[in-house]
Amino acid sequence: MIPAGTRVYLASRSPRRRELLKQIGVAYEVLLLRERPTRASDVDESVHPGESPEDYVQRVCGAKAAAGWLSVEQRRLRRYPVLAADTAVCLKNRIYGKPLDRQDAAHMLAELSGREHRVLTAVALQSGQRIERALSESFVTMRELSAAEIAAYLNSGEPMDKAGAYAIQGKAAAFIAALRGSYSGVMGLPLFETATLIERLSR
């Protein structure tokens with residue numbers, strides 16, 4: 001059971017992760033890692049040569065948590081734990097992040113169409129030098145999509161800031177034929193793993 005009054009810093013801009021934290025009763029403050037567009041990113045989110053999807057999401061997630069905790073220390077904020085997450089859509093060992101543009105999104109959706117893919121979401125919770133981690137793996141099958149359906153979905157604007165160019169909680173729910181694993185993990189924050197980490201860190 002998550003202790004009453006639990007509060008964390010959420011190192012994410014994602015409104016979906018905010019909604020999911022509210023669902024399990026965790027109070028949060030958003031901790032933005034990159035506040036000005038002119039700044040370089042605080043976290044290297046490029047895929048390293050030979051890096052597996054599992055290693056990739058866990059490395060990026062851990063780096064986000066570490067960067068968030070460093071920000072807490074540098075800004076002398078109240079020392080709540082920093083929660084970070086990272087999600088990757090994978091077809092075999094190919095990682096699909098957020099699409100670069102409409103053409104990239106169309107290409108991703110065409111490749112996922114009619115096939116089963118994996119969604120990996122890593123979660124990290126850091127407080128001081130202590131960090132707790134977890135990895136959620138889910139299997140999603142997307143039905144066959146026509147070119148017209150892909151074009152209509154792109155016109156909705158929904159795919160552009162989503163890993164794999166789709167949102168299971170949005171219009172793309174109509175495309176999902178099967179799901180094995182964590183629905184909240186596919187959304188971007190697996191609640192079972194997140195709650196477990198919070199409980200573990202509070203002991």
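The values are calculated or read from the model by the stated rules, or taken from the named source; none is laboratory data. Everything numeric here is computed off the predicted structure, so don't read it as measured data. Positions of Cβ are backbone-derived with ideal geometry, glycine not excepted, and every protein chain shown enters the neighbour counts.
From (1) in contact with a Leu (Cβ under 8 Å, 6 or more places away or on another chain); (2) within 17 Å of Leu33 (Cα to Cα), pick out the condition that doesn't hold for Val60.
With (1) in contact with a Leu (Cβ under 8 Å, 6 or more places away or on another chain); (2) within 17 Å of Leu33 (Cα to Cα) applied to Val60, the lone miss is (1).
Which of (1) more than 17 Å from the chain's Cα centre (by Cα); (2) crowded, with 18+ Cβ neighbours inside 10 Å does Ser136 not meet, given it meets every other one?
Here Ser136 clears every test but (1).
Given the options Gly62, Gly68, name the one that is surrounded by 14 or more Cβ atoms within 10 Å (Cβ to Cβ), at pLDDT 95 or above and in contact with a Lys or Arg (Cβ under 7 Å, 6 or more places away or on another chain).
Gly62
Based on this model, can you work out whether Tyr183 counts as buried (at least 22 other Cβ atoms within 10 Å of the Cβ), over 18 Å from Tyr56 (Cβ atoms), touching a residue at least 12 places away in the same chain (Cβ under 8 Å) and out of contact with any His (no Cβ under 7 Å at 6 or more places or on another chain)?
no
Looking only at segment 99-117, filter to residues that are crowded, with 18+ Cβ neighbours inside 10 Å and in contact with a strand residue (DSSP E or B) (Cβ under 6 Å, 6 or more places away or on another chain); which one of those is nearest to Cys61 (Cα to Cα)?
So, considering only residues that are crowded, with 18+ Cβ neighbours inside 10 Å and in contact with a strand residue (DSSP E or B) (Cβ under 6 Å, 6 or more places away or on another chain), the one nearest to Cys61 (Cα to Cα) is His117.
With the condition kept exactly as written, say whether any residue in segment 125-135 is more than 30 Å from Arg203 (Cβ to Cβ) and touching a helix residue (DSSP H, G or I) at 6+ places or on another chain (Cβ under 7 Å).
No: segment 125-135 contains no residue that is more than 30 Å from Arg203 (Cβ to Cβ) and touching a helix residue (DSSP H, G or I) at 6+ places or on another chain (Cβ under 7 Å).
Quick check on segment 41-76: of everything there that is touching a helix residue (DSSP H, G or I) at 6+ places or on another chain (Cβ under 8 Å) and charged (D, E, K, R), which residue is farthest from Ile131 (Cα to Cα)?
Glu51
Every residue, every condition in (1) modelled with pLDDT under 95; (2) under 19 Å from Glu54 (Cα atoms); (3) not hydrophobic (A, V, I, L, M, F, W, C), yes or no:
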{"site": "Ala105", "(1), (2), (3)": "no, no, no"}
{"site": "Ala122", "(1), (2), (3)": "no, yes, no"}
{"site": "Gln129", "(1), (2), (3)": "yes, no, yes"}
{"site": "Leu135", "(1), (2), (3)": "no, yes, no"}
{"site": "Leu145", "(1), (2), (3)": "no, no, no"}
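Among the residues of segment 14-30, is there at least one that is under 17 Å from the mean Cα position of the chain (by Cα), part of a strand (DSSP E or B) and either under 30 Å from Ala147 (Cβ atoms) or hydrophobic (A, V, I, L, M, F, W, C) (or both)?
For segment 14-30, residues under 17 Å from the mean Cα position of the chain (by Cα), part of a strand (DSSP E or B) and either under 30 Å from Ala147 (Cβ atoms) or hydrophobic (A, V, I, L, M, F, W, C) (or both): present.
List the residue pairs whose Cβ atoms are under 7 Å apart, where the first residue sits in segment 152-180 and is touching a residue at least 12 places away in the same chain (Cβ under 8 Å), the second is of a type in the set (Gly, Ala, Ser) and surrounded by fewer than 18 Cβ atoms within 10 Å (Cβ to Cβ), and the two are 6 or more positions apart or on different chains.
Pairs found: Glu158/Gly170; Lys171/Ser156.
Return a yes/no flag: does segment 162-176 have any residue that is buried (at least 19 other Cβ atoms within 10 Å of the Cβ), assigned to a helix (DSSP H, G or I) and at positive phi.
Within segment 162-176 (the criterion being buried (at least 19 other Cβ atoms within 10 Å of the Cβ), assigned to a helix (DSSP H, G or I) and at positive phi), the answer is yes, since at least one residue qualifies.
Considering each residue of segment 3-31, count those that are small (Gly, Ala, Ser), at negative phi and surrounded by fewer than 17 Cβ atoms within 10 Å (Cβ to Cβ), and give that number.
Selection size over segment 3-31: 2.
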